[in-house]
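Read through the structure below, which is laid out as structure tokens, and then see the notes.
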Amino acid sequence: MANDCIENLVSGFGDTGQRLYQAIDGKMTGTLPLELQTHSVLISGRSGIGKSLLVSSLAKHFECRVIKIHISRVLASGNQHTGLKQMLANIPSDTPVVVWLVDIELFRGLFGRVVEGFLKQLIRMPRCLAIMTTRSPDKVLAPLRFACDDYIRLLAPASVADRLQLCRWFAGNNAAPQVIEDIAARTHGKIASEIFAIIAAHTRVKQRQQQTATSNVADVPLQALAGSVHWSDIGGLDDIIDNLKESIVWPLIYRDQFRRLGIKPPRGVLLYGPPGTGKTMMAKAAATEVSANFIAVAIPDLIKGEVGESEKALAAVFESAKRSPSIVFLDEIEAIFGSRDQAGEVGKKLISQLFLEMDNIPEDASVVILAATNAPHLMDESILRAGRLDKMIHVPRPGYASRLDILKRATRNLAVEDADTFFPWLAELEMSGAELKGLTRAACYAAIQRGSKILDRSDFECAVAATTTDNDFIST
């Protein structure tokens, strides 16, 4: 899907992209004196940040041959470090070459010394540049770091202008300019792979719409995935939404007014209540409202096998959040950030790291912590003090009026026959918001099975029957 405009790609990575471009240009074209050329570069960044994309695209642009070396390839040669020495000794001298050492932190011991020796020889090898990439720069051997001429750390694009350049490079002519601009404006803190995935998803939706003359029930789930969550998508929680706006949205939108009046907004908010009541949706809607980066922290992503890696993963989340207006969402926070007395060794370290990160958020940073839990009684009291999660908002199961509102909002883009006659009956079912939306989805499938684009009472009756077959939580 990406086009060939290398200028957009390089500009999308900001100053770091320009530095790598200039390094390859100076080495391969000989426009710089030998003593001023960059002969080796170390590039670090998390998975999906764009290391491989930038290296491979620039090598192609400068018509360089790429010799990509993994430690697994070296080990597969059977000669251990002598195999690596032979690979590096056979670098051709008659063509521009990029020697790309992947996961350089794995080149240790004799392998590291072979690479170090190779880096020192590059000054005598015109048109040969060594690029080393890593996700863990702190694990790279010190001699290798010191032997590199330049160190480039890739981060998420810092500005809308940078993201716009990346979007233009990836989308080419496959998306309208206004769509590209909107995606660039709404992807604060997103890395290259995440931005490209959003563009690709939008393109797939548009292609599907173009193939279908009229929209039908089957299109709805795909359309819903394409958009952001807005306050209008959430039914029956008006009072709670107003409370959340005052606690999160206003401090981010009216920062100057808050500062001038001396009002210190809550650093974090804890949403608590039963499952399926809309806590996650409200968090996403708040991020949409202020065009903030929504960073959902998945507990499994924090649990790492090596000592100290879990704390580093959490620190990386907050580092990314500080780069742009962000809402860090910790769902089911009690699962790992509950009571320290009940937590295991990893849990205790993560709790301490979370406190450290929250306490070290700069006053001028547009970062809000939003957490959700079904079990507030399991929370450590120290996380609820001022400066951390210092405001709690209860999100209850919806009452009758709220359930009726949820049904109307869940079906506002659907054709429903005689909704006013049977929606009051559906609202009598003691369901959560998530369960009502699941019921609507099941009714859509029932309509599809009978070949109709219009839902009616029979579709919802089928959905209710399927729901109540194995569940006794619904009372009629």
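The values are calculated or read from the model by the stated rules, or taken from the named source; none is laboratory data. In this text the structure is predicted, and so the values were computed from the model without any measurement. Neighbour counts run over all protein chains shown; Cβ positions are idealised from the backbone, glycine included. The area values use the complete protein model at the heavy-atom level, side chains included, leaving out ligands, DNA and RNA. Shrake-Rupley method; radii C 1.70, N 1.55, O 1.52, S 1.80 Å.
Using the Karplus relation 6.51 cos²θ - 1.76 cosθ + 1.60 with θ = phi - 60°, the per-residue 3J(HN,Hα) values for segment 382-396 come to 5, 7, 9, 7, 4, x, 10, 8, 8, 9, 10, 10, 7, 10, x Hz, with x marking Gly and Pro.
Remark on Leu42: its backbone amide H falls under 5 Å from those of Met132, Asp150, Tyr151, Ile152, a criterion applied only to residues 5 or more positions apart or on other chains, H modelled at 1.01 Å from N. Solvent-accessible surface of segment 24-151, taken per residue with a 1.4 Å probe and all protein chains present: 48 Å². Derived scalar couplings between HN and Hα for segment 411-424 equal 10, 5, 9, 10, 8, 10, 7, 6, 4, 5, 7, 10, 4, x Hz in order, rounded to whole Hz, by the Karplus curve 6.51 cos²θ - 1.76 cosθ + 1.60 (θ = phi - 60°), x for Gly and Pro. Step through the table entries Lys51/Lys264; Lys245/Lys437; Lys85/Lys139, compare each Cα-Cα distance with 28 Å, and write down the pairs that go over it. Beyond 28 Å: Lys51/Lys264.
Adding -39500 (n - 2.57) for every DSSP H run of four residues or longer, then dividing by how many residues the chain holds, sets the calculated 222 nm ellipticity at -14500 deg cm²/dmol. Annotation: amide H of Lys391 within the under-5 Å range of Gly268, Leu270, sequence separation 5 or more or interchain, hydrogens built in the peptide plane. Database remark: amide H of Arg65 closer than 5 angstrom to the amide H of Val97, Val98 (H placed geometrically; neighbours at sequence offset of 5 or more, or on other chains; Pro and chain starts carry no H). The residues neighbouring Phe460, those whose beta-carbon lies less than 12 Å from its own, together hold a net charge of -3 under the Lys/Arg +1, Asp/Glu -1 convention. All other residues whose Cβ lies under 15 angstrom from that of Pro251 are scored, Lys and Arg at +1 and Asp and Glu at -1, for a net of 0.
Each other residue within a Cβ distance under 12 Å of Ala410 adds +1 if Lys or Arg and -1 if Asp or Glu, for a net charge of +3.
Magnitude of the charge dipole for segment 65-195, about its Cα centre and with charges confined to Cβ atoms of Lys, Arg (+1) and Asp, Glu (-1), is about 380 debye.
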